[in-house]
Amino acid sequence: MKSVAQIIRSNLLIITSIFVAFTVFLSEPWIVDLFRSGHFTWVSFSSLAIVRHSLSNFGGVGYSCSLTPGDGNIQFENFNRYPIPFAVLTRWILIPFEGDWPTYLYASRQWMNIIFLATLWTIYLILREIGTSRSIAIFAVLGTALDSTTLFYKSMFHFDQPALLLYSLLILTALKTFGSNSFSKWKYLTVLGIGSLTGRSAIVLCYGFSLALILSIKSLIKSRLFLSNEKVRLAWSGFIMAIILVGIATSYNIVWEALITGVAPQKTEIFISALRRLDFHQEGFSPSQLSKTLWTERAPEIIMRHVGFYASKVLDISLVLTFLLFLLTVIKRKRLLPLIGYLKAVIDKNPARVLAWQSIFLSSIIWIVAMKNLLVFHEYAAMVMIPFFCLVLSAVAESLSLLVSNLFPSIASGFLTVALILVIASFLWQVVNVPASKLNPSMARRAKLDQFFTELKAFNLNTSSKQTVLRNTNWLPGSPSAQCLMLNQPLLIGEPTSQNNVIQAPSLLLK
């Protein structure tokens, strides 16, 4: 008969996955604190408004708001800037919950939780693909994901998280394709194609370019014949395909916005936003905002801070312990050959590890530079760094484990077990604690939210969709798109008059 410890050890991944999934889903608040301002509600409501309005008669290109100057004409604001498949898919998933807004918002957050868990699982597979042990892979993934910033934004509805999932899947597929003798050409192209059409796909393009560049340099050094290798040609073909797909998807959205709004394509919000994100257009930035985007002013410091939010305390502690044990090894004149020999053996045995480091690091750097104007204003955008930090933590954990084995062989196996248990327990605690401390409303606010949603449901049921509602960008604190999402009526631009026949919707701020 197996002991309980043996059963747990042999089924560690399954048991951990079940506990993690149940804790993530069960800890998600039914109603979050909508009195809080910040990206969580702002971005969620804006993105969901676009999803809800991703209608077939607009070619699936969603918009956030329908507005009227009061003369019966309807204008549309903030069209979807990203490829439409994810928005259309999400609209289909959330349609059954429309009208019941607490349920709709809760379902959207649980949809993000599913994507978050799928991302963690994919990164675990990446670490296993490069030869990391099961225990250290779990340690690295959960040790990185337990960061409070990661767990705070994991259920925020936005277009970055599905891109992070496809980025992780692309890394895994690329390592299987280019880091081994197996050659899954169509798998790589398929994942790259889907990733190019999913959410904020810039990170997928950066990875495709980084991979092609790295393989080209290796091919050039090895054979002195540029693009001589079939895998190099595949990497560049894939990147070109991805560029074309993103170009087609973006052009599609621009054409639809131009047709709907009657403006020239180069004057559309989508086109101007793309130029602003890529630092080709600076109009619309205030002086203080502009200083955030300049490399010579505040950009480097802000970028380092936002990226640093995703480097967990587990990584900090592991780095300190590794450094101290390394010094102790040197002081005791212990040989470092076991550590060096192990790392060399891993690299020689699994070239996918070298490729993973090269491609993930380079794509992260390129993304930071290319998407600077996004990153300085949105700390959550730095979540694309999670695969890199998982890779770093896994390497540090391996080194730490080897140093412990070298210095204290009698406790080596127990050390890793205790460290793993602590990380799993800390992750589960943080998953419960972060929403409880940052998202749960107080009892008084919960009562006001319940009353607000009850009145809102009655308002939508009893008010014609043709009735004009007074626009209020402060209808919910810091959520200018809240009315656009939760009301079925066009919103008035400008001041109401006796001819406008404008009404006010129930407001949370009046509670």
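The values are calculated or read from the model by the stated rules, or taken from the named source; none is laboratory data. Remember, predicted model here, so these are calculated numbers, not experimental data. Glycine also receives a Cβ, built like all others from the backbone with ideal geometry; neighbour counts cover every protein chain displayed. The protein model used for the area step is the full one, side chains on, heavy atoms only, and it has no ligands, DNA or RNA in it. Shrake-Rupley method; radii C 1.70, N 1.55, O 1.52, S 1.80 Å.
Okay, here's what the table says:
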read-out: Phi-based couplings in Hz for region 455-469 (Karplus 6.51, -1.76, 1.60; Gly and Pro marked x); value: 5, 5, 4, 5, 4, 5, 6, 9, 10, 5, 5, 8, 6, 8, 10
read-out: Ranking by accessible area, most exposed first, for 220, 142 with a 1.4 Å probe; value: 220, 142
read-out: Expected 222 nm ellipticity per residue - DSSP helices of 4 or more, -39500 (n - 2.57), all of the chain, to 500; value: -21500 deg cm²/dmol
read-out: Computed over region 1-152, the ratio Rg/Rh where both radii use C-alpha atoms and Rh is Kirkwood; value: 1.11
read-out: Per-peptide average of other Cβ atoms within 10 Å, ordering 256-262, 362-368 highest first; value: 362-368, 256-262
read-out: Amide H contacts of residue 60 (H built 1.01 Å from N, under 5 Å, at least 5 apart or other chain); value: 55
read-out: Cα-centre dipole for the chain with unit charges at Cβ (Lys and Arg positive, Asp and Glu negative), debye to 20; value: 1780
read-out: Placed amide H near residue 468: partners under 5 Å, 5+ positions off or other chain; value: 503
read-out: Phi-based couplings in Hz for region 165-170 (Karplus 6.51, -1.76, 1.60; Gly and Pro marked x); value: 4, 5, 4, 5, 5, 5
read-out: Rounded tilt (10° steps) of 39-52 against the dominant C-alpha axis of the chain; value: 70
read-out: Trypsin sites (Lys or Arg not before Pro) within region 404-467: DSSP coil, no more than 10 neighbouring Cβ in 10 Å; value: 466
read-out: 0 to 90° range, to nearest 10: angle between helix 337-349 axis and the chain longest Cα axis; value: 60
read-out: Per-selection metrics, region 80-201 (Cα): Rg and Dmax in Å; value: 16.2, 53
read-out: Amide H contacts under 5 Å for residue 66, placed H, 5+ residues apart; value: 491
read-out: Helix 313-331 axis, angle to the chain major axis (alpha carbon atoms, nearest 10°); value: 20
read-out: Protection proxy ranking, peptides 50-56, 29-35, average beta carbon neighbours within 10 Å, highest first; value: 50-56, 29-35
